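Chemist: Below you'll find the structure I mean.
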Amino acid sequence: MQSKGVIRLVAIVIGMACLYQLSFTWVTRHQESKAKDYATAIRAAAERDPNFSINNEASRAFHLDSLFNAREKYYLDSIAAEKVFFAFTYKDCKDKELNLGLDLKGGMNVMLEVAVIDIVKALANNSAVPEFNDALKLAKENQDAGSRSDFVTLFGEAWEKVAPGQPLSRIFATYELRDYIKLETTNSQVLSVLREHAESAIANSFNVLRNRIDRFGVTQPNIQRLGTGGRILVELPGVKEPDRVRKLLQGTASLEFWKTYDNSREIYSILLEANRLIRDINIAEHAPEEAKTDLDSLIQQNTSQDWAKEYPLFSILQPYTDGQGQPGPGACIGLVHYRDTGKVMKYLNMPQVRALFPRDFRPMWSVKPNNTIDKSGVFYDLVAIKADARDGKAPLDGGVVTDARKSFGNLGTPEVDMAMNAVGAKIWAQMTKEAFGPDEKGISQRCIAIVLDDAVYSYPRVNGEITGGRSAITGNFTVQEADDLANVLKSGKLPAPARIIQEAVVGPSLGQESINAGMLSILLAFIMVLLYMLIFYKGAGVAANIALLTNVLFLF
């Protein structure tokens, strides 16, 4: 009897744990149903609105669908950080819900491949040596024939066939690889260097894709590397814009080094003036204030309406300050919750507000969240970039970087050592000299921002002029972050775009049909099993049915 009690207790505990885990799915479905109801009401109001007059039926349907999608997303974004289930926010519940695959939810499945052959060509400075190009062609043919070896290995084997006994170092002993390959370097050592650089380029492409997808806003994406051949699998449930996804995934990464403005002496006073201007514009536009039926009331539940009206910018952008509450020095001008980033940029891009800032001012977001002010929230740094006044381009790009590697400073903290070619070293010396200062405004030790795909990876403060093209980038890096930044820097010059080699789009209607058909077949079969057990075994069948129901719960 005692053992039966223990088994019963364990079953109850496990059952409660299962119900608890499944409850997150119910909560998210409930909130998403409310979002659809809200968006449907907005769409219905637009259809009845006489001012919404679009004669073309197809165009009218497109605009109504766009309105529905925008309002639905607006609702879900507005409750993302609100507690909807005990201490859990909607975002927390979404992360814990039962995940549906592409076959059930619809979406896009993409297979990408990083072209290692392009990396090898770039490392050889696109050598025109006939044997080199013949070896590349042969290696490519062997790869396409289904060889399981990585491309660098295939290239080494092809080289031995095309140019037996000849050193690869005469092809790859370039200025950029001078620290790795000498004329006396053996072929096996050259291949090892090529393999290391190819791996870095693939890792960088993977990180770039991951960050792009994170900013794309897809819920529960799946991205993974497949083996060592440079193939990357991306699954994006619920995606409705496949053309946008293709452009996002295949775009070439752009690594750049930018000058920055100083927050305390150049930007903070402008932000104060911008806040007053936005306030006056809002008052002029919304006076007299009309009754609203949208989500403004939901957004302002935890924020004073008076504060939001008086400080429309600072209510969503927390200015960067030092320990004494004064405007902090450096390139960061504030921290913004992820759901408010679009609204902040909308404010800053208003023509009247844009006119307050210098013409070469360009705000950019950090790629990594900064949770120093709220561990439970997701906040991003807004960095004040200083573009070139003539053409708006970065003074320096990733093409000048010849090497980057993770290292550890005097205190054992991770940092990144970087080397540049002669042209880059000259520009880098000038940039760091100007950043170290003091300049004509008396500002010294400015930051230089390292930017990839218009997202700031790091903005270290310059502690002196750096000559020779070698420098160390420090920051609050973890070991993994230092590795990733080194890959970004080292691979920034390599032409290693990820090309789509296979894709499949599963429509949500097909996913819903699969759900409906599956649910119907399971339900009918389950009822038949329960009835059979009950009729055939009678009393014992009741116990068997209870056990079967419990097992189904455990499986879910």
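Chemist: How many residues does the range 530-547 hold that are more than 20 Å from Gly15 (Cα to Cα) and either touching a residue at least 24 places away in the same chain (Cβ under 8 Å) or under 47 Å from the mean Cα position of the chain (by Cα) (or both)?
Modeler: Qualifying residue count for the region: 0.
Chemist: Quick one: which residue in Glu235, Glu199 is buried (at least 18 other Cβ atoms within 10 Å of the Cβ) and touching a residue at least 40 places away in the same chain (Cβ under 8 Å)?
Modeler: Of the residues listed, the single one that is buried (at least 18 other Cβ atoms within 10 Å of the Cβ) and touching a residue at least 40 places away in the same chain (Cβ under 8 Å) is Glu235.
Chemist: Same structure again: Gly539 - would you say it is surrounded by fewer than 17 Cβ atoms within 10 Å (Cβ to Cβ), on the phi > 0 side of the Ramachandran plot and at pLDDT 80 or above?
Modeler: Taking the combined requirement at face value, the residue does not satisfy it.
Chemist: Under 9 Å by Cβ, and 6 or more places apart or on different chains, what pairs join a residue from the range 133-147 that is more than 14 Å from Trp159 (Cβ to Cβ) with one that is of a type outside the set (A, V, I, L, M, F, W, C) and assigned to a helix (DSSP H, G or I)?
Modeler: Here the result reads Ser147/Thr153, each pair linking the range 133-147 to a residue that is of a type outside the set (A, V, I, L, M, F, W, C) and assigned to a helix (DSSP H, G or I).
Chemist: Just to verify a result, which residue in the range 399-414, among those that are in contact (Cβ under 8 Å) with a residue 12 or more places away in the chain and open to solvent by 30 Å² or more (accessible area, probe 1.4 Å), is farthest from the chain's Cα centre (by Cα)?
Modeler: Among them, the one singled out is Thr413.
Chemist: If you check every pair at least six apart or on different chains, which have Cβ atoms under 9 Å apart with a residue in the range 341-367 that is free of Cβ contacts under 8 Å to residues at least 60 places away in the same chain and open to solvent by 20 Å² or more (accessible area, probe 1.4 Å) first and a residue that is of a type in the set (A, V, I, L, M, F, W, C) and assigned to a helix (DSSP H, G or I) second?
Modeler: Taking only residues 6 or more apart or on different chains, the pairs are Arg354/Leu348; Pro363/Val344; Pro363/Met345; Pro363/Leu348.
Chemist: On to the next question. Tell me, yes or no, whether the range 264-271 has at least one residue that is β-branched (Val, Ile, Thr), open to solvent by 40 Å² or more (accessible area, probe 1.4 Å) and at pLDDT 75 or above.
Modeler: no
Chemist: Would you please name the residue that is most open to solvent (accessible area, probe 1.4 Å), looking only at residues in the range 110-132 that are more than 30 Å from Ile213 (Cα to Cα) and in contact (Cβ under 8 Å) with a residue 40 or more places away in the chain?
Modeler: Asn125
Chemist: Can you work out which of the residues in the range 99-141 that are among the hydrophobic types (A, V, I, L, M, F, W, C) and in contact with an Asp or Glu (Cβ under 8 Å, 6 or more places away or on another chain) is nearest to Glu241 (Cα to Cα)?
Modeler: Within the range 99-141, the match that is nearest to Glu241 (Cα to Cα) is Met108.
Chemist: Mind listing whichever residues of the range 456-483 are free of Cβ contacts under 8 Å to residues at least 24 places away in the same chain and crowded, with 17+ Cβ neighbours inside 10 Å?
Modeler: Pro460
Chemist: Something else: Search the range 312-324 for residues being open to solvent by 50 Å² or more (accessible area, probe 1.4 Å) and not acidic (Asp, Glu), and hand back the single one that is nearest to Ile385 (Cα to Cα).
Modeler: Tyr320
Chemist: For the range 12-45, give me the residue count where each residue is in contact (Cβ under 8 Å) with a residue 60 or more places away in the chain, crowded, with 16+ Cβ neighbours inside 10 Å and of a type in the set (A, V, I, L, M, F, W, C).
Modeler: Summing the residues that are in contact (Cβ under 8 Å) with a residue 60 or more places away in the chain, crowded, with 16+ Cβ neighbours inside 10 Å and of a type in the set (A, V, I, L, M, F, W, C) in the range 12-45 gives 4.
Chemist: Mind counting the residues in the range 431-447 that are over 15 Å from Asn263 (Cβ atoms) and crowded, with 17+ Cβ neighbours inside 10 Å?
Modeler: 3
Chemist: Of all the helices (runs of 4 or more DSSP H) wholly in the range 119-238, which have at least 1 residues that are modelled with pLDDT of 85 or more and within 23 Å of the chain's Cα centre (by Cα)?
Modeler: Of the helices (runs of 4 or more DSSP H) lying wholly inside the range 119-238, those with at least 1 residues that are modelled with pLDDT of 85 or more and within 23 Å of the chain's Cα centre (by Cα) span 187-216.
Chemist: If we scan the range 283-291, do we find a residue that is closer than 24 Å to Asp77 by Cα, at pLDDT 80 or above, over 24 Å from the mean Cα position of the chain (by Cα) and not in a helix (DSSP H, G or I)?
Modeler: No.
Chemist: Determine, yes or no, whether Lys83 is of a type in the set (Lys, Arg) and either in contact with a strand residue (DSSP E or B) (Cβ under 8 Å, 6 or more places away or on another chain) or within 30 Å of Asp134 (Cβ to Cβ) (or both).
Modeler: Answer is yes for this residue.
The values are calculated or read from the model by the stated rules, or taken from the named source; none is laboratory data. Just so you know, these numbers come straight off a predicted model, no measurement behind them. Cβ coordinates were reconstructed from backbone atoms using ideal geometry, including for glycine residues, and neighbour counts include every protein chain displayed. Just so you know, the surface numbers come from the protein's heavy atoms only, side chains and all, with ligands and any DNA or RNA stripped out. Shrake-Rupley method; radii C 1.70, N 1.55, O 1.52, S 1.80 Å.
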